[in-house]
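Take a look at the structure set out below.
Laboratory data are not the source of any read-out in this text; all were calculated from the coordinates shown. Everything numeric here is computed off the predicted structure, so don't read it as measured data. Positions of Cβ are generated from backbone atoms using ideal geometry, with glycine treated the same way; all protein chains shown enter the neighbour counts.
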Amino acid sequence: MAEKWEAKDKLKPKGLDGISDQQIEYHFETHYKGYVNKLNEIWEKLSTADRSKANQNYSEFRELKLEETFNFDGSLLHELYFDNLSKGQGQIPEDLRKHLEKDFGSYEKWVEDFKATGVAFRGWSLLVYDLNTGKLRNIGADVHNTNGIWNAIVLMALDVYEHAYYTDYGPKRAPYLDAFMKNVNWPAVSKRYEKAKKIYEIFK
């Protein structure tokens, strides 16, 4: 029986400041669920794919495996994105702020770098906990399944594909980045951070 990913409707945020419910509706129902549906379709096809015909230049198995990572990461990153959006979720926790200050010089410099990453890349700006070094890093991705760092845990995900903001802002990405930062669900980010710290202590 093929594996199955269930879309998580409970993650859909509402009433955000500067990101409309209509924007979220399009993004969640069309794009996020589109990745989930295609991932399930790929898993179904992989369950019967002919592995004896696998080929590095072209084969059905190769194409399915390539698109598996694209749609898996697309599903996962969108779930992290929607989960770390919520109106009125307070300030960044002090321990996380201190870690950012240590690695970036100040909280403000981290925000500047995080936003700049969101401008420089076509798909994602991601705050990650690097388990190799214990550092917090901002990394960018042009596509869901590229540009990542092995052994890094995503703490905060910012979708910068046009579909994330065109309904509200057209081609203007900067005001969307500002709106995102006003709606960060810091308790959700902090929960990921605390888990990552525990894993790092085991991993190092």
Q. Within the chain, what's the longest stretch lacking GluC sites (Glu not before Pro) that sit in DSSP loops with no more than 14 other Cβ atoms inside 10 Å?
A. 7-204
Q.
Rounded to whole Å, give me the distance from the Cα center of the stretch 49-93 to that of the stretch 178-199.
A. 21 Å
Q: Taking Cα extents along the principal axes in Å as the quantity of interest, determine which of (1) 60, 41, 35; (2) 67, 34, 27; (3) 54, 44, 30 was computed from the displayed structure.
A: (3)
(Q) Test of understanding: in a Gaussian network model of the chain with alpha carbons linked when under 10 Å, which of Arg122, Arg192, Arg51 would top the mean-square fluctuation ranking? (A) Arg51
Q) Rounded to the nearest 500 deg cm²/dmol, what is the calculated helix-only ellipticity per residue at 222 nm for the chain, with -39500 (n - 2.57) per DSSP H run of length n ≥ 4? A) -15500 deg cm²/dmol
Q: Calculate how steeply helix 94-104 sits against the longest principal axis of the alpha-carbon atoms of the chain, using the helix alpha-carbon long axis, and give the answer as 0 to 90 degrees to the nearest 10.
A: 80 degrees
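Compute, for the chain, the length of the dipole vector about the Cα centre, with Cβ point charges of +1 (Lys, Arg) and -1 (Asp, Glu) only. Units Debye, rounded to 20.
Roughly 480 debye, rounded to the nearest 20.
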Q: Would you kindly give the portion of the calculated P(r) for the stretch 20-83 that falls above 20 Å, as a percent of all Cα pairs?
A: 38 percent
